[in-house]
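Step one of this worksheet: look at the structure below.
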């Protein structure tokens with residue numbers, strides 16, 4: 001993957017950098033197929049037909065390619081498409097790449113483009129992603145006892161981890177006070193509870209050959225585009241459904257998971273998602289975070305990469321980047337932040353939890 | 001305060017009601033039927049946006065409200081002072097945009113009489129929260 005952050009390179013160049021690194025790592029020159037994840041390249045960069053554009057850009061013009069999109073979880077959706085193609089025997093190797101380039105546009109324009117993944121009626125009320133996350137956070141504070149300190153500690157921890165990750169957008173640590181006193185964005189959410197606008201790309205190679213890490217399970221869960229159609233606001237049914245499918249495929253449950261990458265686009269989402277995936281009992285994730293259970297040296301390290309909050313969130317790159325981080329961890333390649341684990345979980349949220357994914361990875365002995 | 005009827009749709013299969021009206025049920029591939037629901041409900045959650053998107057002025061108050069009958073809708077409001085999750089609010093549609101307003105004690109008292117005999121528990125809880133509000137000396141929202 002590429003370093004995330006403000007990048008001057010074009011999106012095709014970023015994706016090529018990540019894709020070529022993944023091919024090199026796999027010892028492969030030409031994959032059987034290419035799956036490209038990009039959420040809003042038309043709006044951000046003005047270019048379309050992204051599967052062909054990327055294939056042509058770095059020497060894979062004659063390789064069959066498709067583009068996959070499920071809003072902010074597009075990266076994992078692309079992994080799923082590649083996984084299914086190999087499982088069906090259509091291809092023996094698939095290069096999965098994803099990326100986004102958006103920091104060259106003004107922030108209100110970026111928010112508006114990302115906001116197109118929200119229900120069109122609800123958008124007419126000014127409901128951006130932070131607005132909906134603010135509503136969810138307030139409801140969680142009311143009904144689940146979530147505290148400002150708990151959700152702020154998520155940001156502190158993830159910045160600590162990112163400081164050890166050379167690919168992260170932010171390498172600076174932040175204090176609990178700085179997070180709790182940062183400016184209000186969507187009451188009660190503050191600036192340091194929100195992920196940044198990042199450029200970047202990530203890639204991985206899927207193969208039917210024996211590899212150091214295997215996908216033990218992968219599951220998708222969906223929910224209504226309209227938040228007003230949901231009766232439950234403080235947990236995501238789409239994550240719960242995805243987790244159930246992934247655990248079912250893997251043949252084991254959350255008790256075997258020793259490491260996780262969680263979609264913390266807004267820091268309270270890390271706590272909600274830890275409970276939705278069954279990694280923490282309901283209502284306990286906040287306390288566990290304050291107690292250091294999810295820190296690098298904790299019982300269940302979460303977001304060793306720095307998460308969306310601090311590694312950064314280039315939309316379609318994110319779901320792939322989560323799996324790349326877990327593969328590096330499982331292979332003992334996460335220099336400076338290495339933990340000991342054999343089974344890992346990645347959870348990705350698309351839109352306002354309309355299209356979520358859970359992936360389980362296992363290191364081969 | 002006059003309770004406004006809000007346009008909605010009902011699914012003939014699952015009886016689910018959605019606001020505003022929609023052509024198809026989100027959970028069943030069947031056409032919905034027109035319906036109306038009273039513009040009274042409870043705050044599910046709310047937020048204030050300090051950097052709202054283009055076309056809106058800061059601070060922008062947005063609330064998710066559950067109307068009687070179960071349909072939820074997004075609303076704008078003049079302010080969120082005195083509003084809590086669970087607060088009773090009135091909802092009205094102006095030029096196709098929904099607005100919520102905190103119900104004053106006079107509004108609640110009117111509702112009380114309108115509903116006396118309808119649902120004992122609800123009446124009791126309205127009376128209780130009215131009494132609690134008066135006891136604590138909080139100024140009621142202006143309905």
- Message: Calculate the FRET efficiency for residue A:172 and residue B:58 from the Cβ-Cβ distance with a Förster distance of 25 Å, rounded to the nearest 0.05.
- Response: 0.35
- Message: Calculate the FRET efficiency for residue A:342 and residue B:24 from the Cβ-Cβ distance with a Förster distance of 51 Å, rounded to the nearest 0.05.
- Response: 0.65
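Could you give the length gained on full extension between residue A:63 and residue A:107, defined as 0.36 nm per residue of separation minus the Cα-Cα distance, in nm? Mind showing how you got there, number by number?
Values: separation 44, 0.36 × 44 = 15.84 nm, distance 3.60 nm.
Roughly 12.2 nm would be gained on extension.
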- Debye log10 I(q)/I(0) at q = 0.12, 0.13, 0.17 Å⁻¹ for the range A:211-363, Cα point scatterers: -0.44, -0.52, -0.92
- Query: What residue among A:151, A:129, A:249 has the largest mean-square fluctuation in a Gaussian network model of chain A, using Cα springs under 10 Å?
  - Reply: A:249
- Compute log10 of I(q)/I(0) for the range A:92-220 with the Debye formula, placing one identical point scatterer on every Cα and leaving out solvent, at q = 0.09, 0.17, 0.19 Å⁻¹, to two decimals. -0.40, -1.14, -1.22
- Note on the structure: One finds the C-alpha centres of the range A:166-197 and the range A:203-267 to be spaced, in Å, by 25
- Task: Determine, from the Cβ-Cβ distance of residue A:181 and residue A:287 and an R0 of 22 Å, the FRET efficiency 1/(1 + (r/R0)^6), rounded to the nearest 0.05.
- Result: 0.50
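Provide the three semi-axes, in whole Å and in decreasing order, of the ellipsoid equivalent to the range A:307-351 as defined by the square roots of 5 times the Cα gyration tensor eigenvalues. Working shown, then result.
Working: eigenvalues 83, 27, 13 Å².
Semi-axes, largest first: 20, 12, 8 Å.
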- Determine which residues of the range A:214-250 fall in the zone a paramagnetic label at residue A:364 would reach in this model, i.e. backbone nitrogen under 15 Å from the point 7 Å along Cα→Cβ. A:214-216
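Enter the mean number of other protein chain beta carbons within 10 Å of the beta carbon of each residue in A:106-112, as an integer.
On the way: counts 0, 1, 4, 2, 0, 4, 3.
For this peptide, the per-residue mean of nearby foreign Cβ atoms is 2.
Let me know the shape class of the range A:205-297, please: from the alpha-carbon gyration tensor, a ≥ b ≥ c as square roots of the eigenvalues, rounded when a/c is under 1.5, otherwise prolate if a/b is greater than b/c, or oblate. Don't skip to the answer; put the middle values down first.
Values: a/c = 2.06, a/b = 1.22, b/c = 1.68.
Here the range A:205-297 falls in the oblate category.
Have a look at the DSSP beta bridges in the range A:228-365 and tell me what percent are antiparallel, nearest 5.
Working: 6 of 10 bridges.
Here the antiparallel bridges make up roughly 60 percent for the range A:228-365.
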- Item | GNM top mover of A:334, A:47, A:85 - chain A, alpha-carbon springs below 10 Å | A:47
- Note on the structure: Extend 7 Å from the Cα of residue A:30 along its Cα-to-C-beta direction; within the range A:52-92, residues with backbone N under 12 Å of that point are A:59-64
- Message: Let me make sure I get this right: for the range B:5-103, a, b and c are the square roots of the gyration tensor eigenvalues over alpha carbons, sorted descending. Under 1.5 in a/c it's rounded, otherwise prolate if a/b > b/c, else oblate. Which is it?
- Response: prolate
- Message: Given all pairs of different Cα atoms, what value in angstroms does the Kirkwood hydrodynamic radius of the range A:1-111 take?
- Response: 14.3
- Task: Under a 10 Å cutoff between Cα atoms, tell me which one of A:112, A:275, A:209 has the largest fluctuation in the Gaussian network model of chain A.
- Result: A:209
- Item | Sorted largest first, extent of the range A:243-283 alpha carbons per principal axis (Å) | 31, 19, 18
- Message: I'd like the distance separating the alpha-carbon centroids of the range A:37-71 and the range B:45-75, in whole Å.
- Response: 36
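How large is the translational diffusion coefficient of chain A in µm² per second when you combine the Kirkwood radius over alpha carbon pairs with Stokes-Einstein at 10 °C and 1.306 mPa s?
Numbers: Rh = 20.0 Å.
Approximately 80 µm²/s, per Stokes-Einstein.
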- Item | Partner chain coverage, peptide A:229-236 - average Cβ within 10 angstrom | 3
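Divide, for the range A:167-242, the radius of gyration over alpha carbons by 2.2 N^0.38 Å, where N is the residue count. Intermediate results must be reported in sequence, preceding the final value.
On the way: Rg = 18.7 Å, N = 76, 2.2 N^0.38 = 11.4 Å.
That ratio works out to 1.64.
How many partner chain Cβ atoms sit within 10 Å of a residue's Cβ in peptide B:80-88, on average, as a whole number?
Numbers: counts 1, 0, 0, 0, 2, 5, 1, 0, 0.
For peptide B:80-88, the averaged partner shielding equals 1.
Any read-out appearing in this document is the output of simple, stated calculations on the displayed coordinates, not a laboratory observation. Keep in mind it's a predicted model, so treat the numbers as computed, not measured. Methodologically, a virtual Cβ is constructed for each residue, glycine included, from the backbone with ideal geometry; neighbour enumeration extends over all protein chains shown.
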